[in-house]
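The values are calculated or read from the model by the stated rules, or taken from the named source; none is laboratory data. Everything quoted here is computed from the prediction, not taken from an experiment. We place every Cβ from the backbone using ideal geometry, glycine too, and count neighbours over all the protein chains shown. These area figures cover heavy atoms from the full protein model, side chains too; ligands, DNA and RNA do not enter into them. Shrake-Rupley method; radii C 1.70, N 1.55, O 1.52, S 1.80 Å.
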Amino acid sequence: MIVLITGPSGAGKSTFVHKLMADDDRLAFSISTTTRPIREGEVDGRDYDFVDDETFDQLVEEDAFVEWAHVHDNRYGTRRSRLDEMVAAGKIPILDIDVQGGVKVIDMHGPELVSVFLFPPSWDELELRLRSRATDTDEVIATRLKNARLEVGFAGRYTYWLVNDDLDQAVRRMAAIILAESCRSGAFQTSPLE
Ligand code: ADP
Ligand code: 5GP
């Protein structure tokens, strides 16, 4: 199983994913590679692999990414090697990636992919969350809000929809989705009786 979480910036994806992971040690966060500058409080190699433009170009040339995308003026990508390491360690990779990168991942995978679109409860609340996070300039926030209107147009490509109003409730629902998905007949390598 691979879990893909997407949604507009500010919907609460990283907050949601951290809480979900705290309750389930089978999940492992897929660390993306980005050209975005590091923010205060972030750690290179934990939150992202932070690289410069030249290094990103080289990784693209080497076909090192499962998918990559331009998101809000920077580039972000999921490294094949990162995913392989997690699967080899018996973990369930959890990807927090942008809406269009997520669609590329959906197009590449079969039923092992559990795709989830996380909605904010309202447009006003989305703006409030972006402002309260206090990590971005007004200009960046305006770009993110504009992009969010386009991104919700892709929500129909995702199997599950969750509204991140009450965080605990959204996380409980996600845990229920993972539980149900792990009981699919196709999730078993062999019959339990063999
Ligand atoms: P994303 O990863 O989707 O860009 P973040 O996880 O950074 O979003 O969340 C954006 C802001 O919203 C943060 O300040 C976070 O604390 C807040 N937030 C996230 N989930 C909730 C929630 N359910 N209720 C209220 N605030 C939330
Ligand atoms: P932030 O700069 O706020 O950390 O992330 C901005 C956006 O980039 C978020 O929507 C996040 O989901 C997305 N993102 C993070 N990693 C990846 C990735 O590997 N690929 C793609 N396509 N998007 C990513």
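Odds and ends about this structure:
- In the complete set of protein chains, residue-level accessible area for S191 is approximately 50 Å², probe 1.4 angstrom.
- The DSSP beta bridges internal to the chain are antiparallel in roughly 30% of cases.
- Average Cα contact separation per residue, the stretch 2-182, under 8 Å, 6 or more apart, as relative contact order %: 33 percent
- Given their separation in residues at 0.36 nm each and the Cα-Cα distance between them, S81 and E139 gain 17.4 nm when the chain is fully extended.
- Cα gyration tensor shape for the chain, rounded if a/c is under 1.5, else prolate or oblate: oblate
- Counting only protein heavy atoms and a probe of 1.4 Å, the accessible surface of the chain is 51% carbon and sulfur.
- Estimated FRET transfer efficiency when R0 is 30 angstrom, pair R172-E62 (beta carbons, to 0.05): 0.15
- Rolling a 1.4 Å probe across the protein heavy atoms gives the chain an accessible surface of 55 Å² per residue.
- The slack between H18 and S185, meaning 0.36 nm per residue of separation minus the straight C-alpha distance, is 57.3 nm.
- The chain - mean residue ellipticity at 222 nm from DSSP helices (-39,500 (n - 2.57) per run, n ≥ 4, rounded to 500): -12500 deg cm²/dmol
- Taking all protein chains together and rolling a 1.4 Å probe, D96 ends up with roughly 40 Å² accessible.
- 14 Å reach of a label modelled at S122, 7 Å along Cα-to-Cβ, counting backbone N of the stretch 144-174: 165-166
- For E194 and A88, a Förster radius of 22 Å and the Cβ-Cβ distance give a FRET efficiency of 0.40, rounded to the nearest 0.05.
- A 1.4 Å probe over all protein chains sorts R172, R36 by accessible area into R172, R36, starting with the largest.
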